[in-house]
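First comes the structure, then the notes that go with it.
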Amino acid sequence: MTGNVSRVIAGCFALAAFATAIVAGLTSGNGASAVLVRASIALIICYPVGLVIGAICQRIVNEYVRTHCQTHPRQQSPSGGEAASGQKSAETGRSEDTVLEA
């Protein structure tokens, strides 16, 4: 899952850079070929930057989830066993099984 998040963020960074370069080039009156070349360069440069930022963000989220799970262990059900899988929280209505993969 980590690779998917990084690739999505990288794609967003690259496309945002491409669109920004297109708009900036066209508003400054540059020729179409110069604008496309510069926008392509911006796209190529920003994709690896987005990969790095995405990996850092995913690691931060995974560390937070890990520490949260350690400091807030699952509660025992009234019968003495662990809460049933898929049981919904009374407060949020969401499933208790939702944990990000490392």
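Taken together, the values in this text are just the output of simple stated rules run on the coordinates, not laboratory data. Just so it is clear, the structure is predicted and the values come from calculations on it, not from any experiment. When we count neighbours, we look across all protein chains shown, and the Cβ atoms used for this are built from the backbone with ideal geometry, even at glycine.
Order the peptides 19-25, 32-38, 49-55 from the highest to the lowest mean number of other Cβ atoms within 10 Å of their residues. Can you show the working numbers first?
On the way: 19-25: 15.4, 32-38: 13.3, 49-55: 17.3.
The densest-packed peptide leads the list: 49-55, 19-25, 32-38.
Given just the C-alpha atoms of region 1-77, how large is their convex hull per residue in cubic angstrom?
98 Å³
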